[in-house]
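**Student:** Let me give you the structure first, and then I'll get to my questions.
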Amino acid sequence: MLLVGWEVGVRLSDLPAFVLPPPSQVARTAVEVAPLLGDDVATTLTEAGLGLLVGAVVGLLLAVLIAAFPLVSDTVYPLVTLTQTVPTVVLAPLLILWAGFGLLPKVVLVALTAFFPVLVASVTAMAAVDAEHAEMVAGLGGTRRHQFWLVQLPASVPGALGGLRVAATYAIGAAVVAEYLAGQSGLGVFVQRSRKGYEVDQILVAVALVAGLTGLLFLLVDGLARLATPWQRPSSTPRPGRTPA
Amino acid sequence: MRHGPMTSSLSTEAPPTSTPALEVAGLTVTFPGAREVVALQDVDLQVRVGEFVAVVGPSGCGKSTLLRVLAGLTPAGARVSGRTTVGPATAWMPQRDGLLPWRRALPNALVGARIAGQDRATADARARELFDEFGLTGFERAWTHELSGGMRQRLALLRTCLPGRPVLLLDEPFGALDAITRRRMNAWLAGVDLAGHGRAVVLVTHDVDEALLLADRVVVLSDRPGRVVLDLRVPRDGTDGARRSLLEALDPEGTS
Ligand SMILES: Nc1ncnc2c1ncn2[C@@H]1O[C@H](COP(=O)(O)OP(=O)(O)OP(=O)(O)O)[C@@H](O)[C@H]1O
Ligand SMILES: [Mg+2]
């Protein structure tokens, strides 16, 4: 529907193709450039995947430290929040300066965007441990160490995975931005090249690709999250069609 | 909130002994707030090694609160005064089962054993035996939400008994069971002689007959604030008289 409206609109209004090409042309371009995009997509996916992994691990470890040592919580948490206020555009050149043009600065950048939602969600989940469970462990003679391994850590898993889902939606975008700013390969580089050539149809192909890849990554993480929390039952849906008399 | 070490050596002598396993004297627990609640007032209770004590009383009179204090857990936000001497090695079963939803049934049963630092393989084998005795066979790999209320309670009891702690504190372990399963679990409890071998049990229950069947002594708490209104040794022969005095103590207005 939207696509038809767009196609008709562009045709009727005589917009030049370098401003807004009709979807039919975008589709044609997509087919043309598809064989060339394999490497770029692979690069971007590698950066996003690695960055997400590193971010998740760092976020979870930091959350554990914060839960275990209240002092860490007071000093580290504000600092960590501060890192989130620095825009990528500022951070990317610095990272390139320190880590070169290769894979590393992109992974770091993705990790920097990804760890925050994981951290916040895990910290919240660990702080909200069910008193019933903590008491049960204490009532059997459990120490703080037992509390951590038996209750706090497992209780934080669903929260951490929720954060990871959020992070997954940012990861591809963050990787593309990093490539756009300074990269040799990847979708961001493809966008950069297309922009210089005023090839709007190619940019639109990239946009569609980023959206599609983000969707795929989200589904993947979502599936992994379900596998990792098999005890969570699917919420029961109320049966329709039953109205009280 | 454990006050001092337990003085008794938990020997394996047969009961009765006069060594106290745990003791509270003049225990008062208050929950402050806009509507201040005095849950327990001036409660004295001594449980000797080898004794099985049942605590009965109307709902809301402070039975769970008493058990928490005995377990060394300060009820959240409560003011506790009085002298409490509790052992370091108690195993407490909460009224709500406290099962961990991220563990299957068998790993849940092993939580206590793991905390006690027991050998994994031994505990595992013992747990499987108890699954059979508790009528839970076939549910070793079930998630907790797949168990019925009564099954959850039996699993929680199993978890509490497995580590072999010398003092067991059981808060209404059979509240959700039907009469027949309840009788079977009672028979099991009576049969294993939990209070033997230098151990002690405190059981909270609403069921006077259960108390008389299982316990050596029954303590009756009054309506809130809970005080001890009767501390009755259960006679070995014929419990009819004991039953009558218990019901009288529970219902002083005497409607019957
Ligand atoms: N954490 C708490 N905060 C405030 N009030 C509490 C708290 N825990 C218990 N109380 C109050 O203390 C009183 C005794 O509660 P408790 O759970 O010990 O009763 P109980 O005898 O175990 O009742 P039941 O037989 O229904 O389980 C109740 O009036 C309750 O409202
Ligand atoms: Mg209670």
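**Student:** Rank B:Arg114, B:Arg236, B:Arg165 by mean-square fluctuation in a GNM of chain B with C-alpha springs under 10 angstrom and give only the top-ranked residue.
**Tutor:** B:Arg236
**Student:** Let me ask something else about it. Using the Cβ atoms and a cut-off under 13 Å, what net charge is assigned to the surroundings of B:Asp251, where Lys and Arg are +1 and Asp and Glu are -1? Could you put the intermediate results ahead of the total?
**Tutor:** Values: positive: B:Arg243, B:Arg244; negative: B:Asp223, B:Glu248, B:Glu253.
The answer is -1.
**Student:** Going by alpha carbons, how many degrees (0 to 90, nearest 10) lie between the helix axis of B:149-161 and the longest principal axis of chain B?
**Tutor:** 90
**Student:** Here is a follow-up. To the nearest 10 Å², what's B:Val29's accessible area with a 1.4 Å probe?
**Tutor:** Looks like 0 Å² after rounding.
**Student:** Could you check which residue among A:Gly215, A:Gly141, A:Gly162 shows the biggest mean-square fluctuation in a GNM of chain A with a 10 Å Cα cutoff?
**Tutor:** Its mean-square fluctuation being the largest, the pick is A:Gly141.
**Student:** So, R0 is 45 Å and r is the distance between the beta-carbons of B:Thr30 and A:Tyr77; what FRET efficiency does that work out to, to 0.05? Walk me through the numbers on the way to the answer.
**Tutor:** Values: r = 36 Å, r/R0 = 0.79.
After rounding, the FRET efficiency stands at 0.80.
**Student:** Taking the dipole about the Cα centre of the range B:130-248, with the C-beta of Lys and Arg at +1 and of Asp and Glu at -1, give me whichever of B:Val218, B:Gly149, B:Ala176 is farthest to the positive side.
**Tutor:** Of the listed residues, the answer is B:Val218.
**Student:** Please name whichever of B:Gly191, B:Thr84, B:Phe52 sits farthest to the positive end of the charge dipole of the range B:46-197, dipole taken about the Cα centre and charges placed at Cβ: Lys and Arg +1, Asp and Glu -1.
**Tutor:** B:Thr84
**Student:** At what distance in nm do the modelled label points of A:Leu3 and A:Ala127 sit from each other, each positioned 7 Å from its Cα along Cα→Cβ?
**Tutor:** The answer from the label model is 4.6 nm.
**Student:** So what is the relative contact order of chain A, in percent, for Cα pairs below 8 Å that sit 6 or more residues apart?
**Tutor:** 26 percent.
**Student:** Is it possible to state the helix-based mean residue ellipticity at 222 nm for chain A, with each DSSP H run of 4+ residues giving -39500 (n - 2.57), the sum divided by total residues, to the nearest 500 deg cm²/dmol? What is it?
**Tutor:** -26500 deg cm²/dmol
**Student:** Here's another thing I want to ask about it. Can you tally the net charge around B:Gly164? Count Lys and Arg as +1, Asp and Glu as -1, for every other residue whose Cβ sits under 10 Å from the Cβ of B:Gly164. Could you put the intermediate results ahead of the total?
**Tutor:** Numbers: positive: B:Arg126, B:Arg165, B:Arg199; negative: none.
Net of charged neighbours comes to +3.
**Student:** Related question: Please compute the modelled spin-label separation between A:Asp14 and A:Leu65, points set 7 Å along Cα→Cβ, answer in nm with one decimal.
**Tutor:** Going from the A:Leu65 label point to the A:Asp14 one covers 6.4 nm.
**Student:** Taking a ≥ b ≥ c as the square roots of the eigenvalues of the Cα gyration tensor of chain B, is the shape rounded (a/c under 1.5), prolate (a/b larger than b/c) or oblate?
**Tutor:** rounded
**Student:** Please list, by residue number, everything in the range A:122-161 whose backbone N is under 13 Å from a paramagnetic label point 7 Å out along Cα→Cβ of A:Gln232.
**Tutor:** Those under the cut-off are A:122, A:125, A:155-161.
**Student:** Let me ask another. Just to be sure I understand: with springs between alpha-carbon atoms less than 10 Å apart, which residue in A:Leu109, A:Leu82, A:Leu140 has the highest mean-square fluctuation in the Gaussian network model of chain A?
**Tutor:** Maximum fluctuation in the GNM of chain A, among the listed residues, is at A:Leu140.
The values are calculated or read from the model by the stated rules, or taken from the named source; none is laboratory data. Source: prediction; values computed, not measured. All Cβ positions, glycine included, derive from the backbone under ideal geometry; neighbour counts span all protein chains shown. Quick note on the areas: whole protein, heavy atoms, side chains included, nothing else; ligands and nucleic acids left out. Shrake-Rupley method; radii C 1.70, N 1.55, O 1.52, S 1.80 Å.
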